[in-house]
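First the structure, in the form of structure tokens, and then the observations on it.
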Ligand SMILES: [Zn+2]
């Protein structure tokens, strides 16, 4: 595992980087492209 993870947005399908500590934290990810907040389980793909 590196210093970042790559998260795919379930709404616009763009990929952005996030911190690994976001995983299993219960915090929502924030897509910088479409401004959507979503939980980890709603992402179609997370590359760790
Ligand atoms: Zn998005």
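Across segment 16-32, which residue is farthest from the ligand (Cβ to nearest atom) among those that are free of Cβ contacts under 8 Å to residues at least 24 places away in the same chain and closer than 14 Å to residue 47 by Cβ?
Of everything passing the filter in segment 16-32, 19 is farthest from the ligand (Cβ to nearest atom).
So is residue 41 at pLDDT 95 or above and surrounded by fewer than 12 Cβ atoms within 10 Å (Cβ to Cβ) or not?
Against the criterion (at pLDDT 95 or above and surrounded by fewer than 12 Cβ atoms within 10 Å (Cβ to Cβ)), residue 41 qualifies.
Which numbered condition trips up residue 35, out of (1) within 13 Å of the ligand (Cβ to nearest atom); (2) surrounded by 11 or more Cβ atoms within 10 Å (Cβ to Cβ); (3) without any contact (Cβ under 8 Å) to a residue 24 or more places away in the chain?
With (1) within 13 Å of the ligand (Cβ to nearest atom); (2) surrounded by 11 or more Cβ atoms within 10 Å (Cβ to Cβ); (3) without any contact (Cβ under 8 Å) to a residue 24 or more places away in the chain applied to residue 35, the lone miss is (2).
The values are calculated or read from the model by the stated rules, or taken from the named source; none is laboratory data. Quantities reported herein were computed from a predicted structural model and do not represent experimental measurements. Cβ coordinates were reconstructed from backbone atoms using ideal geometry, including for glycine residues, and neighbour counts include every protein chain displayed.
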